[in-house]
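Just so it is clear, none of the values below were taken in a lab; they were calculated from the coordinates. These numbers were taken from a predicted model, which means no experiment stands behind them. When we count neighbours, we look across all protein chains shown, and the Cβ atoms used for this are built from the backbone with ideal geometry, even at glycine.
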Amino acid sequence: MELQFVTDTGVDPIPGGIAGQDAPLLDAYSNTVVNVAKKVSQSIVQIKVSGRAKEGTQPTRGRGQQDGGTGSGFLISSDGYVITNNHVVAGATKIEVALPDGRDFMATLIGRDPATDIAVIKIYGEGLKAIRFADSKQVQVGQIAIAVGNPYGFQYSVTAGVVSALGRTLRSESGRLIDDVIQTDASLNPGNSGGPLVNSQGDVIGVNTAVILPAQGICFAVSSNLTALVAGKLIMHGRVRRGYLGISGQLINLTERIKQYNHLNAKTGVIVVSTEADGVSYNSELQPGDIIVEFNQQAVASVDDLHRLLTEETIGQRISMTVLRDNLRQSIVVIPGEVR
């Protein structure tokens, strides 16, 4: 048998072949990530907390130390406002912020919102460089997504991927659903929480918040538009105001007969299990057993729908609510109070 040896000359055997075509594309992709990393590097901070460790933070216990954790954040103004996750700073007795230039600051908690897992803290220093928000409504599935943070306490790490899906919902620690969540395959690990998810221009499209641990490449970020809205309210008021009805309810299925007789489209409603006469809200027209199907002329098919509709604008307002009482439509009035 005659053996034939093939010598690799290092030249693409097919002129204009795939390797030759992709080389510039790979360079362009690499350059994009490199340029973004340089642009945002001075705006990313590492957050160290002392106090009760929270789920999702990386433990940093040492001998004689309190329980603590680490997370990520980013500067949104030159006067020191920093955005991070609520679960990073919740319960902390001391919050320290480390900048990439080696400076350390003690931070003040401005406000936190468990319902969206967003928190704002503030540091006082000079030469702080802020990062800006992009309009998350313009984000498209498949576009580059770059996550920056401090996974497992390793300061300033960059991972890249794409936007996998838009409009996801995520259950927060408070039990409410976070709407308008971005799904990405950019790798996230404990410690990345609170860091930014940025686009190819280095602008924030989301705040990294959660990972499905058994899965690979399924990570979530609160959208930049929702983050900016919540952060603004936290800076102005220290909290996000939401309506409160003082009831407990649960999902209930509606029969086809009830739906047709009452001209309803939704297959479910919220049955009132009990009401709380605490004076915070006016709910005395509601009775246990009522099935809520509309709130302020908006359909209610679940408790999550009710949470979404109980906005700041409903507080103290007379709101029309449609319920099924003895399987018949009935209109009542409620006045939501404010969640405390």
**Message:** Using Cα springs under 10 Å in a Gaussian network model of the chain, which residue among 328, 197, 234 shows the largest mean-square fluctuation?
**Reply:** 328
**Loop chymotrypsin sites (Phe, Trp or Tyr not before Pro), region 78-141 (other Cβ atoms within 10 Å of the site Cβ: 11 or fewer; DSSP)** = 124
**Request:** Tell me what the chain gives for mean residue ellipticity at 222 nm when only DSSP H runs of n ≥ 4 count, each as -39,500 (n - 2.57), the sum divided by the residue total, rounded to 500 deg cm²/dmol.
**Result:** -5000 deg cm²/dmol
**Violating pairs (Cα-Cα greater than 18 angstrom) within the set 38/122; 129/233; 39/137; 48/94; 94/233** = 38/122; 129/233; 39/137; 94/233
**Asked** Across region 317-329, in residue order, what do the Karplus-derived ³J(HN,Hα) couplings come to in whole Hz, using 6.51 cos²θ - 1.76 cosθ + 1.60 with θ = phi - 60° and x for Gly and Pro?
**Response** 9, 6, 10, 7, 10, 9, 10, 9, 10, 6, 6, 10, 4
**Request:** Could you check which residue among 79, 180, 27 shows the biggest mean-square fluctuation in a GNM of the chain with a 10 Å Cα cutoff?
**Result:** 27
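Quick one: which of 171-178, 274-281 comes out on top by average Cβ neighbours within 10 Å, and what's the full order, highest first? The partial results should precede the final answer.
Numbers: 171-178: 16.4, 274-281: 13.8.
Sorting 171-178, 274-281 by mean packing, highest first, produces 171-178, 274-281.
Sort largest first and round to whole Å: the equivalent ellipsoid semi-axes of region 136-225, each the square root of five times a Cα gyration tensor eigenvalue. Let's see the in-between values first.
Details: eigenvalues 60, 54, 27 Å².
With the √(5λ) rule applied to region 136-225, the semi-axes are 17, 16, 12 Å.
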**Message:** How charged is the neighbourhood of residue 77? Take every other residue with its Cβ under 11 Å from the Cβ of residue 77, and add Lys/Arg as +1 and Asp/Glu as -1.
**Reply:** +2
**Request:** Sticking with the crude label model, points 7 Å out along Cα→Cβ, report the distance from residue 38 to residue 108 in nm, one decimal please.
**Result:** 3.7
**Complete:** Tilt, helix 224-237 to longest principal axis of the chain (alpha-carbon atoms), in degrees rounded to tens, equals 60
**Request:** On each of the three principal axes of the Cα atoms of the chain, give max minus min coordinate, whole Å, ordered largest first.
**Result:** 90, 60, 36
**Complete:** Across 245, 264, 75, the residue with the highest GNM fluctuation in the chain (Cα network, 10 Å cutoff) is 264
**Fill in**
For the chain, the longest principal axis of the Cα atoms and the Cα long axis of helix 18-40 enclose an angle in degrees, to the nearest 10, of 60
**Asked** By how many nm would the segment from residue 253 to residue 274 lengthen if fully extended, with 0.36 nm per residue of separation less the alpha-carbon distance?
**Response** 5.7 nm
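Pull out a ≥ b ≥ c, the square roots of the eigenvalues of the alpha-carbon gyration tensor of region 189-248, then state rounded if a/c is under 1.5, prolate if not and a/b is larger than b/c, and oblate in the remaining case. Could the numbers behind the result be given before it?
On the way: a/c = 2.76, a/b = 1.41, b/c = 1.95.
Note, shape of region 189-248 comes out oblate.
Can you figure out the FRET efficiency of residue 162 with residue 320, using R₀ = 41 Å and their beta-carbon distance, to the nearest 0.05? Please report the intermediate quantities before stating the final value.
Numbers: r = 44 Å, r/R0 = 1.08.
About 0.40, to the nearest 0.05.
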**Message:** Could you tell me how far the Cα centroid of region 214-247 sits from the Cα centroid of region 256-303, in Å?
**Reply:** 26
**Asked** Over all directions, what mean area does the Cα convex hull of region 81-141 project, stated in square nanometres?
**Response** 5.7
